[in-house]
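The values are calculated or read from the model by the stated rules, or taken from the named source; none is laboratory data. None of these values were measured; they are calculated from a predicted model. No Cβ is skipped: glycine too gets one built from the backbone with ideal geometry, and neighbour counts run over all protein chains shown.
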Amino acid sequence: MFRVNLGGEGEEPGVLNQQPPFALGPTWFSWRNGGKTLRELAAAGMPFVIADNTILPFADNSVDEVITNGVPLDRNTKDGPGVQSTEVRRILKPGGRWLHNRRVKYVKP
């Protein structure tokens with residue numbers, strides 16, 4: 001099963017975690033993971049991909065489950081665009097689920 005966590009509040013163990021490019025900056029840290037930087041989390045074995053929220057680097061219909069927790073959806077913030085629901089729907093496989101804040105938000109037909 002291919003699972004992706006898209007930004008937001010805390011990285012998920014056992015899944016590929018995406019963060020936008022600003023996460024590479026010296027002030028970014030994961031408050032949910034003990035205040036660790038992206039480098040520290042990656043060094044501890046947590047997998048990451050750095051990608052813009054508007055163009056995710058995954059093929060159409062390639063992801064079984066998308067996770068978003070505490071992340072802005074379909075709007076801009078001071079850090080840039082939030083996760084785009086069109087991108088989530090594009091990358092989900094048929095039958096794939098989108099969990100937002102630990103609840104099923106969407107299942108792709």
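Just a yes or no: is a residue in segment 18-35 surrounded by 13 or more Cβ atoms within 10 Å (Cβ to Cβ), polar (S, T, N, Q), in contact (Cβ under 8 Å) with a residue 60 or more places away in the chain and under 18 Å from Phe2 (Cβ atoms)?
no
Scanning for something in contact with a strand residue (DSSP E or B) (Cβ under 6 Å, 6 or more places away or on another chain) and outside any loop (DSSP other than H, G, I, E, B), does segment 55-63 turn up at least one residue?
Yes, some residue in segment 55-63 is in contact with a strand residue (DSSP E or B) (Cβ under 6 Å, 6 or more places away or on another chain) and outside any loop (DSSP other than H, G, I, E, B).
Contact list please: Cβ distance under 7 Å, first residue in segment 58-80 and closer than 11 Å to Gly96 by Cβ, second residue surrounded by fewer than 13 Cβ atoms within 10 Å (Cβ to Cβ), pairs at least six apart or on different chains.
That search, which allows pairs on different chains as well, returns Asn61/Pro94; Asp64/Met1; Glu65/Met1.
Sort through Ala23, Ala42 and tell me the only one that's in contact with a Leu (Cβ under 7 Å, 6 or more places away or on another chain) and assigned to a helix (DSSP H, G or I).
Ala23
Can you find a residue in segment 95-108 that is touching an Asp or Glu at 6+ places or on another chain (Cβ under 6 Å), at pLDDT 95 or above, of a type in the set (D, E, K, R) and closer than 12 Å to Val4 by Cα?
yes
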